[in-house]
Amino acid sequence: MPHGDFHPVLFIIVAVWVLACGVGVVALRNIVHSAMAMVACFLGVAAAYVLLDAGLLAIIQILVYVGAISVVVLFAIMLTEQQRTGRGFYFNRQSIVALPLAVATFVLVTVVLVTAKMPPVSSHAHNVSLAGIASGLFNAYVFPFELVSIVLLSAMVGAIVLARKEID
Amino acid sequence: MNPVDWYLTLATALFCVGAYGVLARRNVVLIVMSLELMLNAVNLALAAFADFMPGAAGRGTFFVLFIITLAAAEVTVGLAIIVANYRNRRSVQADEFSEMKG
């Protein structure tokens with residue numbers, strides 16, 4: 001099995017997995033179940049990165065999304081959860097309009113993508129190597145790299161300031 | 001269809017699922033989770049472009065790395081705001097936050 005080839009069967013399995021878990025996130029009533037579906041969906045996206053021959057992205061996806069963001073989301077659920085029942089509690093009034101809108105957007109974008117004249121694409125994935133990513137991050141992309149680290153630091157400090165308890 | 005089209009179709013579908021969640025759900029934490037789904041869909045599209053377009057020269061990979069970092073920052077600040085708001089209002093229902101409504 002050479003790297004970068006397109007495997008229809010593996011792709012279909014991953015796609016069905018990702019979409020089923022994604023629908024689970026937006027459709028399940030219990031928000032903890034939604035969070036678990038979100039974790040499964042992130043794992044499916046990591047599998048899609050592996051199919052794209054982007055192993056580093058898959059590892060970072062698992063580390064950041066499955067490892068870190070999911071835990072933060074679960075903490076937020078623990079700190080805020082309320083238990084109630086009834087459809088009106090989970091979905092707002094515009095949810096009836098939202099479903100056809102989302103489906104129409106999907107159909108529109110897909111039709112445009114399939115009929116568009118794209119620049120020549122290969123049927124074989126050319127992935128940038130790990131060394132290429134490293135040298136890119138510290139040469140061409142060094143300014144966004146530093147900028148993003150400042151954003152991350154200020155977000156960390158801001159989250160602590162926002163979420164701490166007021167001391168009277 | 002090219003292989004890249006299949007990946008883009010999957011990314012579009014995931015993006016629309018996330019958009020439906022943002023539009024239709026009331027819980028703010030769930031809206032943030034749906035936003036994460038949309039960001040994942042965009043990342044998937046960028047990774048597909050980076051790998052299948054020879055002219056892209058792998059630039060999409062850098063975009064994905066920066067988007068993941070910014071998504072982590074966004075989710076921490078967003079959830080901190082939600083928790084702080086919950087302390088004041090005892091609610092996480094998006095349509096109950098209406099003080100700024102004219």
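Nothing in this text is a laboratory measurement; each read-out follows from the coordinates by a stated rule. Given the structure is predicted, the values throughout are model-derived calculations rather than measurements. Note: ideal-geometry Cβ built from the backbone for every residue, glycine included; neighbour counts use all protein chains shown.
Per residue of A:134-143, what is the mean number of Cβ atoms on other protein chains within 10 angstrom of that residue's Cβ? Could the numbers behind the result be given before it?
Details: counts 0, 0, 6, 4, 0, 0, 2, 5, 0, 0.
Per residue, the number of nearby Cβ atoms from other chains is 2 on average.
Near B:ASN27, the amide H atoms lying under 5 Å from its own belong to B:ALA94; only residues 5 or more places off or on other chains count, and H is placed 1.01 Å from N.
I'd like the orientation of helix B:59-89 relative to chain B: the angle between its Cα long axis and the longest Cα principal axis, in ° from 0 to 90, rounded to 10. The angle comes out at about 10 degrees.
Taking GluC sites (Glu not before Pro) across chain B, the ones in a DSSP loop with at most 14 further Cβ atoms lying within 10 angstrom of their Cβ are B:GLU99. Set the Cα radius of gyration of the protein assembly as shown against 2.2 N^0.38 Å, with N its number of residues, and you get 1.05.
Roughly how crowded by other chains is peptide B:32-40, in terms of the mean Cβ count from those chains within 10 Å of each of its Cβ atoms?
Details: counts 4, 13, 5, 0, 8, 10, 1, 2, 11.
Partner-chain Cβ atoms within 10 Å, mean over residues of B:32-40: 6.
Shown for chain A are the DSSP H helices of 18 Å or more along their axis, judged by Cα atoms, with a mean Kyte-Doolittle hydropathy of at least 0.5: A:8-27, A:31-51, A:95-115, A:142-163. Where a ≥ b ≥ c are the square roots of the eigenvalues of the C-alpha gyration tensor, would you call the range B:3-90 rounded, which needs a/c under 1.5, or, failing that, prolate if a/b is larger than b/c, or oblate? Note, shape of the range B:3-90 comes out oblate. Loop-resident trypsin sites (Lys or Arg not before Pro) (DSSP state other than H, G, I, E or B) in the range B:1-96 with no more than 13 further Cβ atoms inside 10 Å of their Cβ: B:ARG90. Overall form of the range A:1-85: oblate. Here a/c, set by the Cα gyration tensor axes a ≥ b ≥ c, is 1.5 or more, and a/b is not larger than b/c.
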